[in-house]
1. If you go through the range B:3-27, how many residues are basic (Lys, Arg) and touching a residue at least 12 places away in the same chain (Cβ under 8 Å)?
2. Just need a number here: residues in the range B:34-50 that are touching a residue at least 60 places away in the same chain (Cβ under 8 Å) and either touching a Leu at 6+ places or on another chain (Cβ under 8 Å) or surrounded by fewer than 17 Cβ atoms within 10 Å (Cβ to Cβ) (or both).
3. Looking at the range A:38-52, is at least one residue aliphatic (A, V, I, L, M), touching a His at 6+ places or on another chain (Cβ under 8 Å) and closer than 15 Å to A:Ile156 by Cβ?
4. Inspect all residues belonging to the range A:54-63 and state whether any of them is within 21 Å of the chain's Cα centre (by Cα), crowded, with 16+ Cβ neighbours inside 10 Å and either of a type in the set (S, T, N, Q) or not assigned by TED's automatic domain parsing to the domain that holds A:Ala214 (or both).
5. Would you mention how many residues in the range A:87-114 are free of Cβ contacts under 8 Å to residues at least 40 places away in the same chain, among the hydrophobic types (A, V, I, L, M, F, W, C) and facing chain B (nearest Cβ under 7 Å)?
6. Kindly check whether there is at least one residue in the range B:59-71 that is of a type in the set (Phe, Trp, Tyr), under 19 Å from the mean Cα position of the chain (by Cα), over 30 Å from B:Asn200 (Cβ atoms) and buried (at least 18 other Cβ atoms within 10 Å of the Cβ).
7. Kindly establish whether A:Glu217 is farther than 15 Å from A:Phe298 by Cα and of a type in the set (Asp, Glu).
8. Being in contact with a Lys or Arg (Cβ under 7 Å, 6 or more places away or on another chain) and either on the phi > 0 side of the Ramachandran plot or touching a residue at least 60 places away in the same chain (Cβ under 8 Å) (or both) is the filter here; which residues of the range A:49-69 pass it?
Amino acid sequence: MSDLLVTNNLTKVFKSYTAVNNVNLHVEKGDVYGFIGQNGAGKTTTIRLILSLLKPTAGYVELFGDKVTNNNIYSYLRRIGAMIEMPGFYLNLTGQENLDIHRIMMGIDDKSSIERALNIVKLNEAKDKKVKNYSLGMKQRLGIARTLLHDPELLILDEPTNGLDPKGIIEIRDLIIDISKNQGKTIMISSHILNEVEKMVNKVGIINKGKMLAEVEKDEIQKRCKKSLLYKVDDLKKAVDIINSKQINIDKIVMQSDGFLVNVTDENVNSVITKILVENNIMVKESKIVTSSLEDYFMELTEMESV
Amino acid sequence: MRRLVYLELVKLKKSSMNVILLAITVLPILLIIVQYVVKDGKKVFFSTVSANNTIISMSIFSVVIIVANYIIAREYKERTLIYLFITPKSKTKILLSKYILLFLIILVLGALSFGTLMIANFFINGITSKVLAKLLGAWLIGTVMFFLLTSVVVYVALLRGDFISSLLISLVFFMFTCPFMFKNNYYIFPNLIPIVTVSNFLNINKIKSMDYIRSFSILGVVFIVFLYLSIHRFNRKE
């Protein structure tokens, strides 16, 4: 697959503060790329650099295979739909009028593009309402409609679920999944809500304190993620003592308030442990496999970075 | 560029700012008519207009300050500027379209002011070609001169990025300099040049004004300098 977006040692220094430090990211055609990091990690600054809203201190951006310069950026902006932080609108105008302004700014003659974009984000019924009367979720959806208006190849969405309630987050998440699957767009989505990103993306870039810590396929993360077995038993201390005394292929045991967690490399150990517990008259109330998430992977990386 | 100016007009649609602008423009005219009816009924209407011309000029300049601040600062407040910048339109053209809109607004509101006075004059004393020429001339001189000051206000609005603070800076400066209007060296503050020039054009010889070439030259230089600064500021990438 070809790279639609590449950054090469992208760096941005504000006076003495390095907001983005040698960031290299690669978004391929068809990707749903999760750009994750805590607040202030450098996500929005990186996106602003990609869109030429900021001037890099060092490094450069490649879009659609070409190095971006001040002279050619306008031609690439036609092929990108972007939503940066909170979507901004003219509050005295309706949703449709706001999209019409963007349509003309993008140089699109086809007025039906507005209807089409509103249909995708399911905002057709509210198109004649003034934006000042929209809820935050509706504004986010209208913002996504604006990014789709000119049928771009690449969507860049900066924190699209920011400030939304759980229902709103699910709506936006489903919308992004729908756009990716049914519209065939390449999407770069930045967020600090890791478990939300995890459900949408196929690749993640993890940024912390301006540095790119890792860029991996989601499948790769799942392979790397450790598996654990959780047991809830009637006599916790006795159970842990017995397991510790046996020669079983396990990494370590972690005591919890209502059970214990065993880190394993082989899931088949489960039947061995259960058998031992039953033979020693310990009642197993519950046993299940727990897989560590993107969040755990993220925490592991950022903690390593701190050390 | 025509489409960009059209978009600037669309952005003002259904805005409460239109009512404010209209009120600031129309109120001084109404006051002049009321003053004539109550106090100067026996005089010629045009003499009341001439005597109160400074109020009209000041109201037009207030409109310039308010509207210029509004069309710039709202793009920051409503976070729309960033979305203009990620379109394939040049930033300079976007800014120039705002200047053209400002020119059109000054032209229309000036026409409303002087047109209303012309109509009132027609019904009260009938209209002579001399009065017609004076009012038309005052409108055209005022429009061009006030427009030449817009780049200063736009630059302040771009520096501040906030409607209230940039409005206060511009209005306070304007009010502070007002007393200099009656001094011979009033041109030190170019914002007073249109007011004094229009007043003199309407035969109010309280102040000796400069000739038109010098007045337009000073305002022209101010316009070009601040236009350059505002374009530079608008295109600036941190």
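1. Total satisfying the criteria: 1.
2. The total comes to 3.
3. No.
4. No, there is no match, as no residue in the range A:54-63 is within 21 Å of the chain's Cα centre (by Cα), crowded, with 16+ Cβ neighbours inside 10 Å and either of a type in the set (S, T, N, Q) or not assigned by TED's automatic domain parsing to the domain that holds A:Ala214 (or both).
5. Qualifying residue count, the range A:87-114: 4.
6. yes
7. no
8. Correct list: A:Phe64 only.
The values are calculated or read from the model by the stated rules, or taken from the named source; none is laboratory data. Note that the coordinates shown come from a computational prediction; the quantities given were computed from them, not determined experimentally. For neighbour counting, all protein chains shown are included, and Cβ atoms are generated from backbone atoms with ideal geometry for every residue, glycine included.
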